[in-house]
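This report concerns only the one structure given below.
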Amino acid sequence: MLLTERSVLLPIELFRFGIEVKSTITRSTFDQVKAQATSLASLWNSAWFAGNPPISDHITISFQKLNPPFLLVAASSDLSRETLEDELNDTKGLTGIIVFDRCIIYKNGGSYEGTSDIDRVIRFWTYIFNHCVDLSE
């Protein structure tokens, strides 16, 4: 890891999610989210391999991996659930929309209305936890 005054370099393995947080989701929210999802989807990883001697002889490779989940999270929305589902399906790279006072919608996973705001919050954090736990061991 490299940390300076204005930037930080982290191993890509630490990046597990992209989350955009809003107080209220409106139709104009999706203009910003579509741009962010596109940027996230276009990220490239790179690796540097040292040769002999390490400074003068090296190889850098670039590659793309599957996109990490990108979620839109808000306390409320003035849009209908159907409109939220349409926007989710029309936004390449967006994985899910969580509206705490209404529903949770994941691409290819349907929607969940739940029984209360706290129920939806707990399910959201469960989703985050399950995706961040390293299951490779």
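Output the residue which, of all residues in segment 109-130 that are within 14 Å of the chain's Cα centre (by Cα) and open to solvent by less than 80 Å² (accessible area, probe 1.4 Å), is modelled with the highest pLDDT.
Phe124
So which residues in segment 69-106 are farther than 17 Å from Gln32 by Cα, part of a loop (DSSP other than H, G, I, E, B) and not charged (D, E, K, R), if there are any at all?
Passing the criteria: Ser80, Phe100.
Show the residue pairs that are 6+ apart or on different chains and have beta-carbon atoms under 7 Å apart, the first residue being within segment 107-134 and in a helix (DSSP H, G or I), the second being of a type in the set (Asp, Glu).
From residues that are in a helix (DSSP H, G or I), the pairs are Asp117/Asp101.
Read through the list (1) closer than 17 Å to Glu113 by Cβ; (2) at pLDDT 95 or above; (3) not charged (D, E, K, R), then give the number of the only condition that Gly96 fails.
So Gly96 meets the others, but not (2).
Those residues that are over 15 Å from the mean Cα position of the chain (by Cα), surrounded by 10 or more Cβ atoms within 10 Å (Cβ to Cβ), assigned to a strand (DSSP E or B) and modelled with pLDDT of 90 or more, I need them from segment 19-57; list them, please.
Thr24, Ile25, listed by residue number.
State the number of residues belonging to segment 59-94 that are under 17 Å from Tyr127 (Cβ atoms) and in contact (Cβ under 8 Å) with a residue 60 or more places away in the chain.
The qualifying residues number 2.
Only residues that are open to solvent by 50 Å² or more (accessible area, probe 1.4 Å) and among the aliphatic types (A, V, I, L, M): list them for segment 72-108, please.
Within segment 72-108, just Ala75 meets the criteria.
Which condition from (1) hydroxyl-bearing (Ser, Thr, Tyr); (2) over 24 Å from Ser28 (Cα atoms); (3) part of a helix (DSSP H, G or I) is the one that Ser62 breaks?
Going through (1) hydroxyl-bearing (Ser, Thr, Tyr); (2) over 24 Å from Ser28 (Cα atoms); (3) part of a helix (DSSP H, G or I) one by one, Ser62 breaks only (3).
Spot the failing condition for Thr60; the list is (1) at pLDDT 80 or above; (2) exposed (fewer than 13 other Cβ atoms within 10 Å of the Cβ), and only one is missed.
(1)
The values are calculated or read from the model by the stated rules, or taken from the named source; none is laboratory data. Since the model is a prediction, treat every value here as computed from it, not as a measurement. Cβ sites come from the backbone with ideal geometry, for glycine too, and all protein chains shown count toward neighbours. Heads up: the accessible areas ignore ligands, DNA and RNA and are worked out on the full protein's heavy atoms, side chains in. Shrake-Rupley method; radii C 1.70, N 1.55, O 1.52, S 1.80 Å.
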